[in-house]
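Let me begin by presenting the structure, written as structure tokens, before commenting on it.
Derivation of every value follows stated rules applied to the coordinates shown; laboratory data play no part. All figures in this text were calculated on a predicted structure; none of them were measured in a lab. Every residue, glycine among them, receives a Cβ derived from its backbone with ideal geometry; neighbour counts consider all protein chains shown.
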Amino acid sequence: MAAKEQKKQFKAEIKQLLDIITHSIYTNHEIFLRELVSNASDALDKLRFLTAGGQAVADADAPLEIRISADKDAGMLTIEDSGLGMTADELVTNIGTIAHSGSAQFMKEAKASGESLDNIIGRFGVGFYSVFMVADKVTITTRSATPEAAPVSWTSSGTGSYTMQELEADAPRGTRIEIHLKDEAKKFAEERTIKDILRRHSNFINFPILVAGEQVNTQPALWREPKFKIKKEQYDEFYSFLTLDQTPPLETLHIAVDAPVQFTSLVFIPANSSSGLFDNPDNYGLDLYVRRVLIERKHKDLIPEYLGFARGLVDTEDLPLNLSRETLQQNLLVDKIKTTITKQVLAQLAKLAEDKERYAEFWKNHFKVFKLGYSDFINRDKFAELLRFNSSADEDQKGLNSLAEYVARMKDGQKAIYYVSGPSREAVRLDPHLEIFTQRGLEVLYLYEPIDEFIMDSLRSYKDFDLVAAEQADIGELEKFESLDKDEAQPEALSEEDSKTFEDMLLTIKELLGERVEDVRESKRLKGSAACMVTPDGAMSSQMQKYMQLMTKDTSPPVRVMELNRDHPLTRNLLRIFKHDQGDGFLKTSVEQLYESALLLDGYLNDPHALVGRINALLEQASGWYAEIKKA
Ligand code: ADP
């Protein structure tokens, strides 16, 4: 007796999705075919993977292909594959739920932000539903490759519900999708239209696609062709087939290697931004084929994360076909492939870097991912060459400099490459630690991202030059270089006695600040500011400490050294007050203020209330004195 037909409601998320899709009037509707054909191709890949591993399947002799037929008069289109098929349970989970939760929400947002639905559909793994752009009724008949499984059918008009039924009579292995086209979509039942669409979107599908018995796709396994036979347009076409990205890639690598492992590979560097990788860090890798059989999409062990912006595939003869995905993980051959691909991509980038403008394109789109390369110790030198930084030598935040360019501009006798971190160019340029660099005309690299500190910390040096944070620079080294503003009036030197009093004042200030500071000392680096905080020798740079604190959620300011500019008018005034009365209250208030101002500049001031209260009190005093002088 035939199993009863069951009627089920779609989950809320699917209803939402269907609602978006059926109302997508401005979308390129033909992509539904691309989605269904690529599902069929995936199902065939999975089946081939099973049989390659020696598993028994139903209809073992059925040819692996996709058949498409159409009936124009009836407005029907049918897509059949001899792939993996689905059991009743699989049908419910695969078609009845969305693989990535939140997809509907994402789609809504992406659509609201103006992104076209064509791009969105492929990305969010909801391809099947795109059929409801053109269909008012769809029937899936599917028979799983598992030998004892019963065939099932599923029908829906893409509104609120679907029906399912286990079938009595046997059916061939695989999946048949019958589409009843909407009136306005009847053209998709025309053979010519179908063939055109397939050539546009599905030319590289790895299995024959037959329309009325004739194979339409002509270009399987482009990577197996000799390089000299392939035109740039073919690579570009394959790239957009693989990624759904319509912009041709910035770079294409076609790699064929025989030793130590035999493999061929196509690797593309997209021209579009990869910053989205950070929304979903797992979304990288190269597709792995063994003798043209797809083993796994986006296999992560084939390319390091920092080159994760690259898209493409690897096909090797040297791995066994019946390899499980788990054992693949520790496979030495896979590791060797990764090593070779990494070297080749880095070499290609080095070549690209010869063209500054194009390299800037690369950098703009992929630096976020690429910077993770600081952890690749083996390729450390090559990685260092490929880094770019903004610098004090640039006119604006757009300027990009390599370490090599910095070194070429270095002053005679300069022993280190200096850098400073901050959230923006404006912020960095206010950093008092830079005053001596500006005064001596020394270039400083500007680091705007937390990860830059990690890069500097792990590289430590470039060629013969140490990478040194500006605040940790050896001031003696900097003073060797001539001051650029030597014509400026020098402040009057302190008398010997005043110098001694200044030293006493530093001690008093240290007592006032207590455990909050490691030391208080005279500054050689400050020119225009009265005070700043520096990290004690040998400690992490302030920025690095801050990033560490972000991770540990510790918000207390680090204990550092306070430096005072002896020649600053403010310091001189304090010295006068100190000479008069070492315990003066105004001196205390000023020291607190200088300390908190420094914290504020460095982003460590958690509560500004005390600081604002103090400033107001000082203003009140100052305005009183000022009014007195002016006799207002
Ligand atoms: P995606 O293909 O991105 O996962 P879809 O909505 O297109 O999203 O398909 C959902 C799932 O349904 C697929 O992952 C697959 O498991 C199953 N499926 C779809 N089409 C087929 C098919 N022709 N044969 C076997 N399984 C299929």
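Okay, here's what the table says:
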item	result
Label-point separation in nm, R576 to Q490, each point 7 Å along Cα→Cβ	2.3 nm
Span from the the range 558-622 Cα centroid across to the the range 388-423 one, whole angstrom	33 Å
Ranking of S556, S541, S69 by count of other Cβ atoms within 10 Å, fewest first	S556, S69, S541
The chain, relative contact order [Cα under 8 Å, separation at least 6], %	9 percent
Segment T552-T247, length gained on full extension (0.36 nm per residue, minus Cα span)	105.6 nm
Residues N606 and A350, FRET efficiency given R0 of 51 Å [Cβ-Cβ distance, rounded to 0.05]	0.65
Beta bridges per DSSP with both ends in the range 387-478, % antiparallel, nearest 5	40 percent
Cα-based reach from K46 at 22 Å (exclusive), listing lysines while leaving out same-chain residues under 8 positions away	K298, K300
Least to most buried among W363, W223, W625 (fewest other Cβ within 10 Å first)	W625, W363, W223
Radius of gyration and Dmax over the Cα atoms of the range 472-528, both given in Å	14.5, 41
Vicinal HN-Hα couplings computed from phi for the range 440-457 (Karplus, 6.51 cos²θ - 1.76 cosθ + 1.60; Hz; Gly/Pro x)	9, x, 9, 6, 10, 7, 9, 10, 9, 10, x, 5, 4, 5, 5, 4, 4, 5
Charge dipole (the range 7-80, unit charges on Cβ, about Cα centre) - positive-most of S24, G54, S69	S24
At R0 = 35 Å, FRET efficiency that the Cβ-Cβ distance of E148 and D196 yields, to 0.05	0.25
Rounded to the nearest 20 debye, dipole of the range 387-478 from Cβ charges on Lys, Arg, Asp, Glu	220 debye
Per-q log10 I(q)/I(0), the range 15-90, q = 0.13, 0.20, 0.24 Å⁻¹ (Debye; single scatterer per alpha-carbon; no solvent)	-0.57, -1.00, -1.15
Rounded FRET efficiency, nearest 0.05, which uses the C-beta distance separating V293 from A60 and R0 of 22 Å	0.90
Extension gain from E225 to L618, taking 0.36 nm per residue of separation minus the Cα-Cα distance	133.6 nm
Relative exposure of R224, R566, judged by other C-beta atoms within 10 Å (fewest first)	R224, R566
For the range 368-411, the spread of Cα positions along each principal axis, largest first, Å	33, 24, 10
Part-to-part distance (alpha-carbon centres) for the range 23-44 and the range 178-217, which is given in Å	11 Å
Calculated P(r) tail over 21 Å for the range 6-215, as whole % of Cα pairs	53 percent
Restraint check, K527/K553; K227/K336; K364/K546; K398/K463; K382/K524; K371/K546, Cα-Cα greater than 30 Å	K527/K553; K382/K524
Proximal lysines to K4, defined as alpha-carbon separation beneath 19 angstrom and excluding residues fewer than eight positions away on the same chain	none
Radius ratio Rg over Rh of the chain, counting only Cα atoms, Kirkwood formula for Rh	1.13
Extension reserve of the L507-S458 stretch, reckoned as 0.36 nm per residue once the Cα distance is removed	14.0 nm
